[in-house]
Every structure is written in C-alpha cells, then in structure tokens.
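Trainee: My structure is below; once you've seen it, I'll send some questions.
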Amino acid sequence: MPQFQSALAHYAILTAMLAPALLMAATASLLTSANARLARVVDRLRALMVSWEFDAPDAAERQDQIHRHRRRAHLVLRACQMLYGALGAFVGTSLSLALDAFTGFKLGVVPTALALVGVVFLLGASIWLGREVSLSVSSFDLEMEQEMQRKRR
C-alpha cells in the first residue's frame, strides 16, 4: 500500500506540473504570433524608409507613417518581452513544483508566486498587443483616407 501512495503522490506532482506546461504552450503560441507581427512591422518600416529616402511627393505623410510604425514596433517589442517573462515564470513554476515535492514541500508559496507572475506578464502582453492592434487599424484607416484623397484629385 505505501508503494501505491508513493505512486499517487508522483502522479499528483506530474499533474500539477501540467498546468504550467499548458500555459507555456499558450504563451509560446502568442510569442510566435507577436514575433510575426514584429517582423511585418519592421518590413513595412523598411519599405517606408526607402520611399521616404527618394523624396516622394508625400514625404510628410511617409514620415508620419514611419513614426506610427515605430510606435507599433515598440508596442510589439514590449509585448514580446512580457511574453518571454511569462514563459520563464511558467518554466520556473513547473520546476519549482518538482523541486518543492523533492524537498518535502518546503518552498511554500514560490510555485504559486511564479505562476502568478507569469499570468500578470500574460496580462501585460495582452494589453500591449491590444494597443498595437488599435494603432495598426487606425494607421491603416489614415493611410486609406490619404490614398482616397489622392485618387479624388
């Protein structure tokens, strides 16, 4: 019977370690998406810089677009930093759960605190990405309005 209880304790620990693993997978997915967004913004910035360099007739508009896209890049960068922090916190949560079990549950609130830090980082990343999406849409609307005005002339 003691062997059975020992096996159950190990399974309970492994089960507890699954929650942070699921959060790690979700965070990694968001990080992949955020990195793709950052790459698109950087590519757009490079294209704008080239057209601005050649003194296009709408240089002032291009400069404004460059400014907005730089803000977007910084928002996505902050989100990525938060997501990397969340990923690290969730890895730390999983490791601390295992370490806590091996040390006879002497770590106290450390695993829970690490999980909480990870969730707070996820929340922060979501806010940064939400701001970036809003800026992206408003920038797109402004660019479309400028293009429509050019076509009307």
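Trainee: Rounded to the nearest 500, what is the 222 nm mean residue ellipticity of the chain from helices alone, with -39500 (n - 2.57) per DSSP H run of 4+ residues and division by all residues? Could the numbers behind the result be given before it?
Mentor: Numbers: 3 runs with 139 residues, N = 153.
Calculated from helices alone, the mean residue ellipticity at 222 nm is -34000 deg cm²/dmol.
Trainee: Also, quick follow-up: With θ taken as phi - 60° and the coefficients 6.51, -1.76 and 1.60, list the Karplus ³J(HN,Hα) couplings across region 11-26 in order, rounded to whole Hz; mark glycine and proline as x.
Mentor: Whole-Hz 3J(HN,Hα) from phi for region 11-26: 5, 5, 5, 4, 5, 5, 6, 6, 4, x, 5, 5, 5, 4, 5, 5.
Trainee: For region 73-84, what does the Karplus curve 6.51 cos²θ - 1.76 cosθ + 1.60, with θ = phi - 60°, yield as ³J(HN,Hα) per residue in whole Hz, taken in order and with x for Gly and Pro?
Mentor: Ordered by residue, 3J(HN,Hα) equals 4, 5, 5, 5, 4, 4, 4, 4, 4, 5, 5, 5 Hz.
Trainee: Apply the Karplus parameterisation 6.51 cos²θ - 1.76 cosθ + 1.60, with θ equal to phi minus 60°, to every residue of region 27-42 and state each ³J(HN,Hα) to the nearest whole Hz, in sequence, with x for glycine and proline.
Mentor: Each residue's phi maps through the Karplus curve to give 5, 4, 5, 5, 5, 4, 5, 5, 5, 5, 4, 4, 4, 5, 5, 5 Hz.
Trainee: Also, I was wondering about something else. Just VAL120, VAL137, VAL91 to compare: in a GNM of the chain, with alpha carbon springs under 10 Å, which one fluctuates most?
Mentor: Its mean-square fluctuation being the largest, the pick is VAL137.
Trainee: Compute the separation of the alpha-carbon centres of region 96-122 and region 36-76 and state it in Å as a whole number.
Mentor: 43 Å
Trainee: From the mean inverse distance of alpha carbon pairs (Kirkwood) and the Cα radius of gyration, derive Rg over Rh for the chain. Don't skip to the end; give the middle numbers.
Mentor: Values: Rg = 23.4 Å, Rh = 18.5 Å.
For the chain, the value is 1.27.
Trainee: Using +1 at the C-beta of Lys and Arg and -1 at the C-beta of Asp and Glu, which of GLN63, GLY118, LEU18 has the Cα lying farthest in the positive direction of the dipole of the chain?
Mentor: GLN63
Laboratory data are not the source of any read-out in this text; all were calculated from the coordinates shown. Since this is a predicted model, take the numbers as computed values, not measurements. Every residue, glycine among them, receives a Cβ derived from its backbone with ideal geometry; neighbour counts consider all protein chains shown.
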